Amino acid sequence: MSNIVNTQESARSSTSSINEKFAIALDYFMKTEKYGARELAKKCDVNVSAIYKWKRGDACPGFRNLVLLADEFGCSMDCLIGREPIDNDYGFTAKTSLKPFCDNFNEILSEKGITEYRLVKMMGVSRTKIASWRKGRSLPDAKGLCDLADALDVSADSLAGRI
């Protein structure tokens, strides 16, 4: 029973850490680019309360908004989710035409020679979740994207097809 509790606490801590790192990056870029919460909410097509949750580190945007924010701020997704330092990354230029996430994901799996089963074991997530990402039925959240990039030893931006 204690292993389950430890795993759940570790998962919460990891998500919290990503949320906190994202909040720091968001605050930095909003100040640097002089964005207000309302303006950013409009660009992301979310309620302004979502922006405040992101800024407090209570939540992190979904995949699509991570891509949109990275494009808007001219930074990498890795920078936004805390995998890369902010100061190394400013001025990032992404590809203009993106393939669907599932296409990039499947290409990387193929290049690395990693099976769905092996990835499930590496990440500790359900096979259903991996299959859903591979088939384009869903997209990973910020934690899933970070964990996936770590497991595959690639950047979040390469998974998103931004580089």
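Brief remarks on what is shown
- Test: SER97 is open to solvent by 30 Å² or more (accessible area, probe 1.4 Å) and modelled with pLDDT of 95 or more: no
- Scope region 104-163; condition at positive phi and open to solvent by 10 Å² or more (accessible area, probe 1.4 Å); matching residues: GLY113, GLY124, GLY136, ASP153
- Inter-residue pairs, beta-carbon under 6 Å, first free of Cβ contacts under 8 Å to residues at least 24 places away in the same chain and hydrophobic (A, V, I, L, M, F, W, C) and in region 130-151, second open to solvent by less than 50 Å² (accessible area, probe 1.4 Å) and part of a helix (DSSP H, G or I), 6+ apart: ILE130/GLU116; ILE130/LEU119; ILE130/VAL120
- Residue in region 20-32 that is modelled with pLDDT under 90 and surrounded by 16 or more Cβ atoms within 10 Å (Cβ to Cβ) present: no
- LEU40 closer than 27 Å to ILE163 by Cβ, open to solvent by less than 40 Å² (accessible area, probe 1.4 Å), at pLDDT 90 or above and not in a loop (DSSP other than H, G, I, E, B): yes
- The listed residues are ASN88, ASN47, and the only one of them that is modelled with pLDDT under 95, open to solvent by 50 Å² or more (accessible area, probe 1.4 Å), of a type in the set (S, T, N, Q) and under 24 Å from ASN19 (Cα atoms) turns out to be ASN88.
- The residues of region 104-120 that are of a type in the set (D, E, K, R) and within 10 Å of ARG134 (Cβ to Cβ) amount to a single one, GLU116.
- Residues in region 50-85 that are surrounded by fewer than 16 Cβ atoms within 10 Å (Cβ to Cβ), under 19 Å from SER16 (Cβ atoms) and among the charged types (D, E, K, R): ARG56, ASP58.
The values are calculated or read from the model by the stated rules, or taken from the named source; none is laboratory data. On a predicted model such as this, the values are computed, not experimentally measured, just so you know. Backbone-built Cβ (ideal geometry, glycine too); neighbour counts: all protein chains shown. Accessible surface is based on the protein model in full, side chains and every heavy atom, while ligands, DNA and RNA are left aside. Shrake-Rupley method; radii C 1.70, N 1.55, O 1.52, S 1.80 Å.
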